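Below is one structure, written out as structure tokens, with a few remarks after it.
Taken together, the values in this text are just the output of simple stated rules run on the coordinates, not laboratory data. Not measured: the values here are computed from a predicted model. Cβ atoms come from the backbone with ideal geometry, glycine included; neighbour counts cover every protein chain shown.
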Amino acid sequence: MKLTKPTVNDLVQDTVVALAKNFDRIDSAFSWVGMVIFSTRETNPAAIYGGTWQRLEGRVLVGAGTAFPAGETGGSAVTEVGASTWGMQRAVGMAASGEMYGVHEHGTGAAKSNMPPYRSVYMWERVA
């Protein structure tokens with residue numbers, strides 16, 4: 001970002017226009033396309049930074065890298081945990097005589113929430 005020193009002349013309007021170009025450069029330095037911001041307020045950042053912002057909802061952010069390329073989405077808020085995902089778990093007790101007792105199984109296949117503790121915030125990504 002390079003600011004320019006405006007030419008000051010007797011025409012106030014020319015000076016104001018030249019200064020305004022610097023403010024446009026400063027604004028673009030503080031918010032760029034691809035930037036994501038968080039807030040506990042619902043206010044669209046366009047009101048502050050200008051540009052076009054898209055609200056991100058129902059997602060947890062993960063640091064991008066080889067395993068998770070930037071922009072990729074995935075995961076699920078509810079995961080089926082049990083027999084169909086881990087296989088049926090069977091516990092068996094064996095008596096000294098060789099006879100089995102206490103047979104029981106785990107894994108119902110029912111859907112279960114698998115969310116860590118969280119705090120919800122508004123997330124916005126600048127798209128233009």
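Worth pointing out:
- For the listed peptides 30-42, 54-66, a ranking on the average number of other beta carbons within 10 Å per residue, highest first, reads 30-42, 54-66.
- Efficiency of FRET from Cβ geometry, Asn22 and Val62, R₀ 35 Å, rounded to 0.05: 0.40
- At full extension, Tyr118 and Ser39 could sit 27.0 nm farther apart than now, given 0.36 nm per residue minus the alpha carbon distance.
- Using the Karplus relation 6.51 cos²θ - 1.76 cosθ + 1.60 with θ = phi - 60°, the per-residue 3J(HN,Hα) values for the range 35-43 come to 5, 10, 10, 10, 7, 8, 10, 7, 4 Hz, with x marking Gly and Pro.
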